[in-house]
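Down below is the structure, laid out as structure tokens.
We did not get these values from a lab; they are worked out from the coordinates using the rules stated. Here the structure is a predicted model, which is why all the values come from computation and not from measurement. Here Cβ is always computed from backbone atoms with ideal geometry, including for glycine, and neighbour counts include all displayed protein chains.
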Amino acid sequence: MNKRGGIEWILLAALGSGCRSPQQPRSWPHWEAERDREDNRSLGGRGESRFGASGGEAWGGGFGSEPGHHLCLRDGLPVPDVLARIWLRYSVAGKEPVAFRVSCEDTVKVEGQLPSTGHGDRFEWISFPWTATRAGPLQIHPEGRLRLDQVAILPEDRTPSPEWSPPVVRSGGLEVRATDRSKVFDAPWVLKILREQCNALEAFLGIPCPPLVTLMAVHPEEWPDPGTGAFQSGTLVYLRADELHFAWRNYPHELSHVFQERWVEGVPLFFREGVAFLSAMHIERLLFGREELVAQRVSGFRELLADKPAPRFGQGSKNPMFDAKANSVGHPLSRESYEWAYAILWEMQEALGSAFVGNMSRALSDPSHPGVRALQDAQDERSKCRALVRMMEELTGRDWQPAFRRWGL
Ligand SMILES: [Zn+2]
């Protein structure tokens with residue numbers, strides 16, 4: 001879909017590193033480099049009534065723009081001599097709509113609002129009446145962060161062809177989106193696996209599936225880390241296009257993080273990771289009967305919790321899982337830190353049964369819950385951990401302080 005031709009797109013103001021959306025995955029391999037090259041590019045097809053940039057620049061495609069900057073299509077687009085509309089395929093990551101205007105030769109031709117698309121990598125079409133007889137040069141000024149993937153000016157009775165954009169397959173609140181060059185074959189099967197896992201997680205976590213869950217199929221050559229099977233960002237899970245057809249590696253784990261989007265903000269990392277692990281083990285057992293795999297994963301947990309004196313894992317006096325930085329982007333934790341979080345939650349589930357996960361998860365989705373309010377009032381990661389342990393004690397009727405002290409909290 002990446003039709004490179006003669007039309008030059010110029011980003012008139014240089015884009016800074018602030019383009020990185022906070023919702024993007026923590027390891028986003030080529031984002032910064034792509035942005036750096038974005039000051040002068042040649043894309044689209046000269047003479048066509050549209051410009052297309054799908055994919056190629058980032059997994060989701062499109063060009064980013066910041067408030068105060070604008071995107072310019074210097075050669076413009078031909079305009080049909082009948083009633084026409086301008087179509088934009090765009091994404092707005094934040095919850096609020098982004099106001100924008102399109103100007104042509106310094107005259108504003110369109111002013112409007114672009115509603116949130118839920119994520120910077122979810123592009124949707126929107127159209128506005130176009131009354132000018134010319135469309136070039138064409139400038140698009142957003143008043144918030146915007147990514148733009150395609151622009152077309154079409155007669156009023158035409159809509160953008162699906163072939164212009166990477167395919168999107170939807171079923172209810174679930175969707176599968178291809179990125180540049182990637183293919184989604186046997187989409188019904190891909191959606192079936194996704195739906196079964198979402199149904200299992202609804203029951204396990206005791207909370208409804210988010211209204212929209214997206215699988216992004218990334219071309220294998222674009223995949224940044226051969227050791228990782230999936231990435232998650234908001235309600236999107238990124239999978240390699242050739243691994244869409246199996247729920248394996250960390251796909252169920254990342255899907256649990258998608259459900260955790262329903263929780264209030266600030267839930268400590270060790271709990272989010274531990275619950276994602278328990279969710280994945282639940283799915284492995286329930287849907288795929290992989291008892292052996294589960295046994296293998298948990299075989300060293302008792303030793304991990306019993307053998308080493310707290311604090312663990314050597315980074316100064318703190319367990320890195322309780323370090324505020326552990327929640328910040330670009331601060332990778334050791335494999336052992338994750339294993340430790342998995343081990344704690346596994347031990348708790350062994351002691352209390354899996355219903356405790358659902359009870360906690362439901363409570364964490366309720367902002368009016370007193371324990372949740374205390375959690376949100378806590379200022380640092382360690383105090384948040386303590387508030388969470390108090391919530392667990394109230395919900396389970398057990399004193400977890402000695403265990404957590406032993407475990408390094
Ligand atoms: Zn995780």
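Scalar couplings 3J(HN,Hα) for the range 290-306, obtained by applying the Karplus form with A = 6.51, B = -1.76, C = 1.60 to θ = phi - 60°, are 8, 4, 4, 4, 4, 4, 5, 5, 9, 4, x, 4, 4, 4, 4, 7, 8 Hz; x denotes Gly and Pro. Summing charges over all other residues whose Cβ lies under 13 Å from the Cβ of GLU261, with Lys and Arg as +1 and Asp and Glu as -1, gives +1. Length available on full extension from ALA403 to GLU196: 0.36 nm per residue minus the Cα-Cα distance, which gives 71.0 nm.
For the range 217-223, putting each phi into the Karplus relation 6.51 cos²θ - 1.76 cosθ + 1.60 with θ = phi - 60° gives couplings of 8, 9, 4, x, 5, 8, 5 Hz, in residue order, rounded to whole numbers and with x for Gly and Pro.
For ALA230, neighbours were defined as the other residues whose beta-carbon sits under 10 Å from its Cβ, and their charges (Lys and Arg +1, Asp and Glu -1) total 0.
The mean sequence distance of close C-alpha pairs (under 8 Å, at least 6 residues apart), as a share of the length of the range 174-292, puts its relative contact order at 26 percent. Close amide H contacts of SER182 (hydrogens built in the peptide plane, cut-off under 5 Å, sequence separation of 5 or more or a different chain): HIS219. Annotation: amide H of ARG240 within the under-5 Å range of VAL218, sequence separation 5 or more or interchain, hydrogens built in the peptide plane.
Across the range 351-365, computed HN-Hα scalar couplings (Karplus, 6.51 cos²θ - 1.76 cosθ + 1.60, θ = phi - 60°) run 6, 10, x, 6, 4, 4, 5, x, 5, 5, 4, 4, 4, 6, 8 Hz from first to last residue, x flagging Gly and Pro. Here the range 166-254 is treated with +1 on each Lys and Arg Cβ and -1 on each Asp and Glu Cβ, and its dipole about the Cα centre works out to around 220 debye.
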